[in-house]
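Visitor: I'd like to ask some things about the structure below.
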Amino acid sequence: MRIFDADRQEWVGHEQERRIAALHDRDATRQGKALRGVVTVLALCGLGFGGWALGWKDEPRPTGYLAVVDRPAQSADGKAEGDTAAPSPAGVPPAPYEEVFDEEGFRLAVPRGWVRQLVEPTEDFNVVNYRSPKGDRRLQVYRVSEPSPYDSLRTWLDETSMPVGFDQLAPLERMDDEGRPAARLEYVADTFKDEPDIGTWHVIDHRFESVDGELYALAVYGSDADGRDDEEELMATALSWFCPPDEICPAP
């Protein structure tokens with residue numbers, strides 16, 4: 001009996017059939033081994049690629065893309081060691097002061113929120129007050145007509161009726177403001193006309209020659225009950241920021 005070999009496209013006999021069957025079995029075995037080999041190789045490749053990918057993922061990024069910030073050591077309360085109050089930016093008055101350019105033409109620094117008040121001139125100059133919202137603190141600015149700061153204060157002491165409770169804290173002092181003449185009077189008083197009753201007032205009256213050669217007065221008023229440092233600070237800040245009309249002064 002003959003059968004048709006579909007692979008060879010021919011008719012074969014019984015012996016030939018067995019030989020072909022044996023060849024088919026051998027080819028099937030080889031194909032199976034080859035397929036398993038391919039699968040093994042692919043598996044190994046997959047494992048290798050996965051390991052490489054994981055390793056690449058864990059590699060550090062290029063340092064050129066990293067922003068490194070050195071942070072100071074912190075103390076137990078969470079504050080950076082060596083921290084201090086941030087200084088005011090250059091050209092800006094210290095908090096809570098602000099730079100003002102008054103309508104009379106001068107510049108100075110006053111606490112934020114203070115209200116300006118113009119007093120009717122008694123001679124040929126205007127008196128400007130800057131008052132705290134409660135009215136218990138005051139900064140006064142005006143032009144002086146006497147020949148020197150010392151003479152101006154001496155005249156005020158000799159010719160003016162002193163407020164109730166007036167007590168001069170120190171002798172009238174001649175001073176020098178960067179090579180220009182100045183004088184200062186410090187005193188306390190119980191009351192001032194048209195001013196609130198806050199108990200004893202502490203006053204610093206500073207008169208000086210400015211960069212334009214003219215004489216000016218800065219006077220600060222405040223309660224004596226809370227100490228005198230706040231009036232000293234108010235005077236020092238206002239004086240350092242003062243610039244007369246029609247002059248260009250650098251920021252202190």
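The values are calculated or read from the model by the stated rules, or taken from the named source; none is laboratory data. Computed from a prediction, not measured in an experiment: that's the story for all the values here. Glycine gets a Cβ as well: all are built from the backbone with ideal geometry, and neighbour counts include every protein chain shown. For the accessible areas, the whole protein counts, side chains as well, though only heavy atoms, and no ligand, DNA or RNA atoms are used. Shrake-Rupley method; radii C 1.70, N 1.55, O 1.52, S 1.80 Å.
Visitor: What number of residues within the range 225-246 satisfy the criterion of being in a loop (DSSP other than H, G, I, E, B), acidic (Asp, Glu) and either free of Cβ contacts under 8 Å to residues at least 12 places away in the same chain or open to solvent by less than 40 Å² (accessible area, probe 1.4 Å) (or both)?
Guide: 1
Visitor: Can I ask one more? Report yes if ALA219 is small (Gly, Ala, Ser), surrounded by 15 or more Cβ atoms within 10 Å (Cβ to Cβ) and touching a strand residue (DSSP E or B) at 6+ places or on another chain (Cβ under 9 Å), otherwise no.
Guide: In short, yes.
Visitor: Would you check which residues across the range 107-142 are closer than 20 Å to LEU215 by Cα, over 28 Å from the mean Cα position of the chain (by Cα) and surrounded by 20 or more Cβ atoms within 10 Å (Cβ to Cβ) and list them?
Guide: VAL141, TYR142
Visitor: Could we say that ASP190 is over 19 Å from TYR130 (Cβ atoms) and open to solvent by 50 Å² or more (accessible area, probe 1.4 Å) here?
Guide: For ASP190, the condition - over 19 Å from TYR130 (Cβ atoms) and open to solvent by 50 Å² or more (accessible area, probe 1.4 Å) - is met.
Visitor: Turning to a different aspect of this structure: Every residue in the range 93-102 that is open to solvent by 50 Å² or more (accessible area, probe 1.4 Å) and either in contact with a Cys (Cβ under 6 Å, 6 or more places away or on another chain) or in contact (Cβ under 8 Å) with a residue 24 or more places away in the chain (or both), please.
Guide: If the condition is that a residue be open to solvent by 50 Å² or more (accessible area, probe 1.4 Å) and either in contact with a Cys (Cβ under 6 Å, 6 or more places away or on another chain) or in contact (Cβ under 8 Å) with a residue 24 or more places away in the chain (or both), then PRO94, GLU99 are the ones that fit.
Visitor: Kindly provide the set of residues from the range 155-164 that are in contact (Cβ under 8 Å) with a residue 24 or more places away in the chain and open to solvent by 50 Å² or more (accessible area, probe 1.4 Å), ordered by number.
Guide: Of everything in the range 155-164, those that are in contact (Cβ under 8 Å) with a residue 24 or more places away in the chain and open to solvent by 50 Å² or more (accessible area, probe 1.4 Å) turn out to be TRP156, MET162, VAL164.
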